[in-house]
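Taking it in order: structure first as structure tokens, then the write-up.
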Amino acid sequence: MSDLGRILIVTGALIAVAGVILVVAGKIPWLGRLPGDLYYKSDRVTGYFPLATCLIVSILLSLIFYMFRR
């Protein structure tokens, strides 16, 4: 039963961290508008793919998870 408690605590902590990230991410002006982000706009269609932002977030998360594994 103690394993279930640990899983619930970790899940709750991850949800709290995700909430903080979502709140803080709106206050970082350059996030989502990097030079490698793709943006297409025409009369009827608008498309946006944050390629550079995805790469930076992926690298940061990989480094964080690497540090926690050690």
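Rounded to the nearest 20 Debye, what is the dipole magnitude of the chain about its Cα centre when Lys and Arg each give +1 and Asp and Glu each give -1 at the C-beta?
Details: 7 positive and 3 negative charges, 21 e Å.
Its charge dipole is roughly 100 debye.
Calculate how steeply helix 2-25 sits against the longest principal axis of the alpha-carbon atoms of the chain, using the helix alpha-carbon long axis, and give the answer as 0 to 90 degrees to the nearest 10.
Computed tilt is about 30 degrees.
I'd like the Karplus ³J(HN,Hα) series for the range 52-69: coefficients 6.51, -1.76, 1.60, θ = phi - 60°, whole numbers in Hz, and an x wherever there's a Gly or Pro.
5, 5, 4, 5, 5, 5, 5, 5, 4, 5, 5, 5, 5, 5, 5, 5, 6, 6
Would you kindly compute the Cα radius of gyration of the chain and its largest Cα-Cα separation (Dmax), both in Å?
When restricted to Cα atoms, the chain yields Rg and Dmax of 17.2, 58 Å.
Run the accessible area of the chain with a 1.4 Å probe and give the carbon-and-sulfur part as a rounded percent.
73 percent
Would you calculate the separation in nanometres between label points at ILE64 and VAL23, each defined as 7 Å from the Cα along the Cα-to-beta-carbon direction?
Using points 7 Å along Cα→Cβ, the separation is 1.5 nm.
The values are calculated or read from the model by the stated rules, or taken from the named source; none is laboratory data. Quantities reported herein were computed from a predicted structural model and do not represent experimental measurements. Because the Cβ atoms are built from the backbone with ideal geometry, glycine has one as well, and the counts that use them run over all protein chains shown. Calculation scope for accessible area: heavy atoms of the full protein, side chains included, ligands and nucleic acids excluded. Shrake-Rupley method; radii C 1.70, N 1.55, O 1.52, S 1.80 Å.
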